[in-house]
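Inspection log for the structure reproduced underneath, given as structure tokens.
The values are calculated or read from the model by the stated rules, or taken from the named source; none is laboratory data. No experiment lies behind these values; they were computed from the predicted model shown. As a convention, Cβ positions derive from the backbone with ideal geometry for all residues, glycine included, and neighbour counts pool all protein chains shown. For the accessible areas, the whole protein counts, side chains as well, though only heavy atoms, and no ligand, DNA or RNA atoms are used. Shrake-Rupley method; radii C 1.70, N 1.55, O 1.52, S 1.80 Å.
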Amino acid sequence: MSLKAPPSPASRSRGRGGQSARPVRRSRGGLARLGPLPWIAPVVLLILAVVVWPIVELIRTSFQNISISGVVRGSAGTEKYEKLFDESGFGHVIGYTVLWTVVVVSVTMLVSLGLAQLFNQRFPGRSVTRWALIAPWAASVLMTAIGFKWMLNQTAGVLNTVMLDLGIIDKSTDWLGSQSTAWPWMMFVAVFVSLPFTTYTLLAGLQTIPGDVYEAARIDGAGPWQTYRSITLPLLRPAFLVGVVINLINVFNSFPIIWAMTQGGPGSDTSTTTVFMYKLKETDIAESAAMSVVNFAMVVVLVLLFLKVSRWNEED
């Protein structure tokens, strides 16, 4: 009984008459030609509608002459920017906005580093304390600011009542009535509401660091501080950068805390750029838009400056 060898691929590919058959090419459909565009198009359109278009309208409004009732009376050129820069409190507002941002973000990151390191350890009640940290994040920022405002009230505030009962002060203090005492309290509230997100961001970064790295460091005789400085901080850098950038944007544009506690007063002593912009809309909508453009440009410059200094795209 003879066995026939299976036909070779060459013979199978031949058609009738011994000629080789060419592979059939199927034409790609219309959607296939577009690649990933149909999937990302809704997101791109959403960004254009929610981000790009408002920015374009904001810039366009800042160059117009608009009445209080919203009637456009023609082009104003750069008049609104000149008027803005001539405002008596403009330089003061810019300076305190930068100071406000730097102090709040720096304190938030330092405290969050300690809390994240603490919550990364095992101790009794860790779950409860982790849940408790979410409370300032879950509550409305405006509600939190109003609660602190009531606590600091000069006549019926809890802080003055307790300090008077303990004999720490002789008379009630108007904590939010002067610049020297209002700024520290507002910064404290800003740090308080920023801690949960930042702490959990850093905690997530800590939990991605493998334990084998620490075990190798202990075997090599590295101490706790040397381990933290040489291993933990470098590996925590991506999460740290995310926390700083998001806090820079949020704190720089912070409005509810300042408006709820002092409304930027007295005068413009406790105003940041967003509060100052909100006040300007009562008298000149286009000038308020110009302040918004300046505020947006400052945020972009501040974030880019931080990314440049931190060398975010370079690996250690």
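Structure data summary
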item: Estimated 222 nm signal from helices in the chain, with DSSP H stretches of n ≥ 4 weighted -39500 (n - 2.57), rounded to 500; result: -20000 deg cm²/dmol
item: Potential lengthening between Ile68 and Arg237 on full extension [0.36 nm per residue; Cα-Cα distance subtracted]; result: 56.0 nm
item: Projected-area average for the chain over all orientations - Cα convex hull basis, square nanometres; result: 35.7
item: Size of electric dipole in the chain: Cβ of Lys, Arg +1 and of Asp, Glu -1, about Cα centre, debye, nearest 20; result: 2740
item: Gly265 long-range amide H proximity, modeled H, under 5 Å; result: Thr270
item: The chain: DSSP helices with Cα axial extent of at least 30 Å and average Kyte-Doolittle hydropathy no lower than 0.0; result: 90-119, 179-207, 285-310
item: The range 89-309, accessible surface, carbon-and-sulfur percent (1.4 angstrom probe); result: 69
item: In the chain, lysine pairs closer than 17 Å at Cα, eight or more apart or cross-chain; result: 4
item: Amide hydrogen neighbours beyond the local backbone of Gln64, cut-off 5 Å, H modeled; result: Ala76
item: Average accessible surface area per residue within the range 30-102, 1.4 Å rolling probe, Å²; result: 68
item: Residue (of Ala260, Gln64, Ser180) at the positive-pole extreme of the chain, dipole from beta-carbon charges; result: Gln64
